[in-house]
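As structure tokens, the structure follows; a few thoughts come after it.
Computed from the coordinates by the stated procedures, all read-outs in this text should not be read as laboratory data. Because the structure is a prediction, the values reported are computed rather than measured. Every residue, glycine as well, gets a Cβ built from its backbone with ideal geometry; the counts of neighbours run over all protein chains shown.
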Amino acid sequence: MVLLESDSFLTELTRLFQKCRNSGSIYLTMKKYDGRTKPVPRKGNPDTFDPADNKCLLRATDGKKKISFQISSKEVNRFQMAYSNLLRAHMDGLKKKDKKSKSKKTKATQ
């Protein structure tokens, strides 16, 4: 997995969207990240975590290529605007729901 900076992550994510436009899927995950790479021991004194240093880990994969990015709480607003614009631009291939089939099912049950 490749850990990237903000601009390079958005660039690579754009490439993944363009690559999978006609066929394929992209999986995006976000989770809270505290910077630990090893599990915390159950016994003993755990390290104290400073809540001012919250981070978020974003991962994207198309099944073959994996990219990731860590964002701190200070950079969230700027990154969120760029990320939402990217998602809006590339989420146009989604299929719309067929409303006729839903209305037929409700009539059949009555």
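The simple Förster model, with R0 at 35 Å and r as the Cβ-Cβ distance, assigns K43 and K64 a FRET efficiency of 0.30. Structure note, pairs K74/K97; K38/K65; K19/K97; K38/K74: Cα-Cα distances above 31 angstrom occur for K74/K97.
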